[in-house]
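The values are calculated or read from the model by the stated rules, or taken from the named source; none is laboratory data. Nothing here was measured: the structure is a model prediction, and the numbers come from that model. For neighbour counting, all protein chains shown are included, and Cβ atoms are generated from backbone atoms with ideal geometry for every residue, glycine included. Just the protein is used for accessible areas: all its heavy atoms, side chains included, with ligands, DNA and RNA removed. Shrake-Rupley method; radii C 1.70, N 1.55, O 1.52, S 1.80 Å.
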Amino acid sequence: MTSANERLAAKRGTEVPPPRVRNLHVVPDEPQIANVETHRPVRLAAITGQRELTDRLATHLRSAVRRGRAAGHVLLDGPSGYGKTTFAKAIVGELEALGVASTLHQVMPNALPDMRALAVELSALAPNDVLFLDEVHSIRKVVQEGLYNAMEDGIVIVPGEDGAVTVQLPPFTLVAATTEPGKVLAPLRNRFAFAGHIEAYAADDLAQLLLLHCEEAGIKLDVDAALVIANSSRNTPRLAINNLHKVRTYSDEVTDDLDAVLDAETARQGLEYNGLDKYGLDDRDRRVLSVLLDSFRGGAIGLNPFASTLGYSTAELTGDVEPYLIQAGLLQLRGRGRCATRATYLVLDRKVPPMLNGWR
């Protein structure tokens, strides 16, 4: 079977380029995708998947509006790319649909270095506005503590040379998002009236999301291609959209037809060309798993020697590489360290040993 590089070279009439040298020690930059905003839902019911969470959140908002008060503060947690910003925008859309004028204010952690900066952001809110704080766990402790009074009593206390100044705030809703809920200070976490976890997206839900996005963006994508891309996208909407545009770019180059229909074979070729296999694994993932099998006989191996052999920092390994491999059942964390699973051998086309990790 010819590779994607060979097919592309044949089309161009050029020689097959040598294999690309990838620096596996560096996390690749996330592709910048144009017009991603066009597919963001404006109502909770329009969010693909997550039905239980959206139903509970809609009930929470309706109850507040019926009682004539600002919606209680909301804490959402889930991996990066799961749509926490989308939820914040949908909350505003839901409030507006219920007849409540509301505006979304988005603030990143580095914009809140101290209480004065927090006071500036909070003072800009109008009644019933929504303040979205992403990665709230990374906000400085003193600022997290300052949110207590803002959330509970509607005031923010700003220290100054002439003494503290108390600023009265209008009723507002804080929507905080985090990828690490355990790092949010417990007193702050306890002040949220609603807390929800965004679950991993099923492939069918991601395929539906892709089809909706393509309908709005004018991209011709068939259902089988949507499923191929969804299955290679690590259960993550943002990656699914990014992978779609990688496939589209590949198709544009191969076919010279900007209006071509993206079918399943084109999707597979485009993903392969971009270093992704049908499981969503890239070169770095496959190298990690191969080293586990070849250098450590499938484990168990501790974090430090494993990271040292790979040439990665422990932070990169535990924070960026391992979470998906664990979620996909390709890596297990045991008391003695990291272990391969039966699936690890199968996805790498290896023979499963009769004694796997010491067990038959």
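The table for this structure:
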{"quantity": "Residue tally, condition of a type in the set (A, V, I, L, M, F, W, C) and within 27 Å of residue 342 (Cα to Cα), over segment 249-297", "calculated": "9"}
{"quantity": "Qualifying residue in segment 239-255 (condition: among the basic types (Lys, Arg), over 18 Å from residue 48 (Cα atoms), crowded, with 16+ Cβ neighbours inside 10 Å and in contact with a helix residue (DSSP H, G or I) (Cβ under 7 Å, 6 or more places away or on another chain))", "calculated": "yes"}
{"quantity": "Subset of segment 103-130 (residues that are open to solvent by 70 Å² or more (accessible area, probe 1.4 Å), polar (S, T, N, Q) and closer than 23 Å to residue 90 by Cβ)", "calculated": "103, 106"}
{"quantity": "Verdict on residue 145 being among the charged types (D, E, K, R) and over 23 Å from residue 127 (Cβ atoms)", "calculated": "yes"}
{"quantity": "Condition check for residue 24: at pLDDT below 90, crowded, with 16+ Cβ neighbours inside 10 Å and within 30 Å of residue 310 (Cα to Cα)", "calculated": "yes"}
{"quantity": "Within segment 142-192, considering residues that are free of Cβ contacts under 8 Å to residues at least 24 places away in the same chain, of a type outside the set (Gly, Ala, Ser) and under 23 Å from residue 103 (Cβ atoms), the one surrounded by the fewest Cβ atoms within 10 Å (Cβ to Cβ)", "calculated": "168"}
{"quantity": "Residues being under 20 Å from residue 283 (Cβ atoms), open to solvent by less than 60 Å² (accessible area, probe 1.4 Å) and touching a strand residue (DSSP E or B) at 6+ places or on another chain (Cβ under 8 Å) - total across segment 323-342", "calculated": "3"}
{"quantity": "Of all residues making up segment 269-285, the number that are over 19 Å from residue 326 (Cβ atoms), crowded, with 19+ Cβ neighbours inside 10 Å and among the small types (Gly, Ala, Ser)", "calculated": "1"}
{"quantity": "The one condition in (1) modelled with pLDDT of 90 or more; (2) over 23 Å from residue 186 (Cβ atoms); (3) among the charged types (D, E, K, R); (4) in contact with a strand residue (DSSP E or B) (Cβ under 7 Å, 6 or more places away or on another chain) that residue 62 fails to fulfil", "calculated": "(4)"}
{"quantity": "Pair list, Cβ < 6 Å and 6+ apart or interchain, from segment 70-85 residues that are in contact (Cβ under 8 Å) with a residue 12 or more places away in the chain to residues that are of a type in the set (D, E, K, R) and in a helix (DSSP H, G or I)", "calculated": "76/84; 81/238"}
{"quantity": "Enumeration of residues in segment 94-110 that are touching a helix residue (DSSP H, G or I) at 6+ places or on another chain (Cβ under 8 Å), part of a helix (DSSP H, G or I) and at pLDDT 90 or above", "calculated": "94, 95"}
{"quantity": "Residue 133 being farther than 23 Å from residue 65 by Cα and open to solvent by less than 10 Å² (accessible area, probe 1.4 Å)", "calculated": "no"}
